Amino acid sequence: MSFDITSTNSRVVLACDLFTAQLQQFAADTSYEGEEDTVAETRMSIDGKMVAGQTPSIKPVTIQLEASSPSLQYMYLLKQSMEKNHKPYPCQLVISQPSVGRRTIYSNGCLVSAKDLADGKKLLEPTTWKFNFESKSVETL
């Protein structure tokens, strides 16, 4: 494994019916974030034996973009189109991390929530875009 774990050379590409775009100007503290995958459910039987079953689960991803990000135009277009047309737009998200030689592909997802107003603090705060995906696969670069 490499000593290098730089995240600044990561690439994030979002694709849907409306556009395909490489996202830019992420928030410095957290640019993107995936949640833990739930891969099994467990419970105890009445006689004290644990049982388990594999269950599919939603794969959530949060993207934070600076208030000045040119990629906001795509996020606003997606959100406004969903609201105007009363339908979700299927999305794919590809996150490439060259420093660790990994590409993660999220498929069949949609935007589920957005904090699209940059809070007016000392500096404008980042905007937050949450997606849920049906599946995730990891590849080696």
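Taking GluC sites (Glu not before Pro) in DSSP loop states with no more than 15 other Cβ atoms inside 10 Å as exposed sites, the chain has its longest site-free stretch at 37-141.
For the set Lys84/Lys122; Lys59/Lys115; Lys59/Lys84, the pairs lying more than 23 angstrom apart at their alpha carbons are Lys84/Lys122; Lys59/Lys84. Between Arg11 and Ser68, the FRET efficiency from the beta-carbon distance, with R0 = 25 Å, is close to 0.85.
Overall shape of the chain was characterised from the C-alpha gyration tensor. The equivalent ellipsoid obtained from it has semi-axes of 30, 21, 16 Å, in decreasing order.
Segment 90-129 and segment 1-64 have Cα centres separated by 11 Å.
Kindly list the residues of segment 55-76 that lie in the label zone of Lys130, defined by a backbone N under 16 Å from the point 7 Å along the Cα-to-C-beta vector. Backbone N within reach: 58-65. If you take the square roots of the eigenvalues of the alpha-carbon gyration tensor of segment 20-98 and sort them as a ≥ b ≥ c, do you get rounded (a/c under 1.5), prolate (a/b over b/c) or oblate? The shape class here is prolate. Distance between the 7 Å Cα→Cβ label points at Arg102 and Asp29: 2.3 nm.
Of the peptides 98-109, 116-127, 46-57, the ranking by mean beta-carbon count within 10 Å, highest at the top, reads 98-109, 116-127, 46-57.
Bear in mind that the values in this text are calculations on the coordinates, not laboratory data. Every value quoted in this text rests on a predicted model; they were computed, and no experiment measured them. Ideal geometry is used to build each Cβ from the backbone, glycine not excepted, and the neighbour counts take in all protein chains shown.
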